[in-house]
1. Could you compute the longest span of the chain free of GluC sites (Glu not before Pro) located in DSSP loops and having at most 12 other Cβ atoms within 10 Å, not counting the site residues?
2. Cysteines of the chain lacking any other cysteine beta carbon under 4.7 Å?
3. List every residue whose amide H lies under 5 Å from the amide H of S260, counting only residues 5 or more places away in sequence or on a different chain, with H placed 1.01 Å from N in the peptide plane.
4. If I take R0 = 56 Å and measure r between the Cβ atoms of D375 and Q24 in this structure, what FRET efficiency does the formula 1/(1 + (r/R0)^6) give, to the nearest 0.05?
5. How far apart, in nm, are two points set 7 Å out from the Cα along the Cα-to-Cβ line at D191 and at I219?
6. Considering the dipole of the range 6-102 built from charges on the beta carbon (Lys and Arg +1, Asp and Glu -1) around the Cα centre, which of H48, L72, L59 is farthest to its positive end?
7. Against the 2.2 N^0.38 Å scaling, with N counting residues, where does the chain land? I'd like the Cα-based Rg ratio to two decimal places.
8. Can you give the extra length, in nm with one decimal, that the chain gains between H73 and D515 once fully stretched, where that is 0.36 nm per residue apart less the Cα-Cα distance?
Amino acid sequence: EFYSSTSGLEQLFSTEVALLEELQNYVDEITQHAEALQSEIDAIRVEHLSAMDSIGGYLNNPVNAFRLIKRLHSDWETFESSVKGDTSRADYLEAMAVLKENLSYPSQDDFVGSAIALTRLQQTYQLDVAELASGMLNGVKYGTAMSWQDCFVLGQHLYALRDYNHTVPWLQKSMQLLGEQSYGEEPASLDFMEAVVGYHQQMGDHENALNLINHVLAIEPEERRHLLETRTQLEDLITDGVKQGLLHTTARRPGDYHSSREFRMYEQVCRGELTPSPTAQRHLRCRLQRRRFDYAPFKLEELHADPPIVQVHDMVSQRESLFLQNAARPRIQRSTVYNQAGAGTTAAAFRTSQGASFNYSQYATTQRLSQHVADLSGLDMDYAENLQIANYGIGGHYEPHWDSFPEHHEYPEDDLYGNRLATAIYYLSDVVAGGGTAFPFLPLLVTPERGSLLFWYNLHPSGDQDFRTKHAACPVLQGSKWIANVWIRERNQDRVRPCDLQRNHLASLHFKNFD
Ligand SMILES: O=C(O)CCC(=O)C(=O)O
Ligand SMILES: [Fe+2]
């Protein structure tokens, strides 16, 4: 399970704010010092300028003679000692040492995790590297463009992660951006490009290796003659269609879930490319469902007929959503981001593993969440697990899974609850882009809508797992996603879900080992 959270990033952002402030202090101090010295220099220069007309005449003036001697006797010493006595550098380093003890810093895992999240988004939503690097998402400008160094570091890490397919376009982009720099044709830049040729060669990406060599040779044909031999080799490899190198030898194994048909379907559902057929949707209705007492009826939208999946709108108010987010925020902050001294657990994480768990009785709001599900489903909430609140940041996701436990699941000895009969997910936020709940087999994509509730049964009436209910949280492309999960167990629910003695799970068995 890989979640990532925005609350972690907020902590890192404050880290950078503090670092920036300290560095600004330092720069202000040295600027002040430099300005003081500069005005001394200027004054002496003016003096010299007027002396230039006639040095003899100038020095014959006793006042000028005195001033020259006085400057050399004491002023220059003052300048020197003001440089010697400048504590700004030491002050800065000292302040930094203290800051590092107390601030949150990302770990190596966070760095790798954020690089993976970026390529996950690229993969799932088929984003264009050029667009992404320019700070655009789906044609919308979301941030600053990436530098050639950003692209290079990302490429390098993908290389280290052996994700060569993603490495290639990032290195390519990096070199293109480097070529466009004012210093792009300087020897140091060309040396760098030569080194990157090596990466492309290792990966067996002959085309990009050749392009880069040609680029370098066009700028320095004489100095880079040693590349000619490699160029010929590459040309031959391309002509002969030779496939060698890491790109080809480290291809994904056939058993890899990420290259399975099921996973590709999941990604297509996330992108909105795979949707239920009009026939399947024809009988779906929106309706108002009456409630006990005089509560407003549920605004119920049928999303899928068999297995039935409904989304109920306007269940939780904006205020309640924010209350729940704030209640969960301090508790989902995990220690994957730690401070550099290695002492603190204060900092937040890119990954929220399980989110935070709440007893329904803890707050009036959590009680209401439970009551709504009881009213809607008629199920006995005494047999529900604690409420689980989770937050996904950019790239945060949950790959396809069943909420129900498999047939041979080992329940605790004294288990009174049984399998997870039903799932209810409250969406506690809208999501700007991505972050839908995908059911790859149906194939249904549910768009998170703040305040709504998604509900379905994970088990057939026989108690067998309904394998059609496999679902996932698509990666968040933009924004932050908050949900609250309600899982209701199967015990004592017979009044609402009478047990079927027939094993009627054949309809879903096909999806058990799909691919
Ligand atoms: O976040 C979602 O949309 C789905 C979450 C989920 O499936 C789960 O937490 O089990
Ligand atoms: Fe789930």
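1. Details: sites that count: E1, E180, E222, E223, E273, E407, E410, E413.
Segment 2-179 is the longest.
2. C151, C286, C499
3. Excluding prolines and chain starts, which carry no amide H, there are no hits.
4. Computed FRET efficiency for D375 and Q24: 0.50.
5. 1.3 nm
6. So the residue we want is L59.
7. Details: Rg = 32.5 Å, N = 515, 2.2 N^0.38 = 23.6 Å.
The reported ratio for this selection is 1.38.
8. Values: separation 442, 0.36 × 442 = 159.12 nm, distance 8.86 nm.
Value of the extension gain: 150.3 nm.
Rule-based calculations on the coordinates, nothing more; no lab input. Just so you know, these numbers come straight off a predicted model, no measurement behind them. Backbone-built Cβ (ideal geometry, glycine too); neighbour counts: all protein chains shown.
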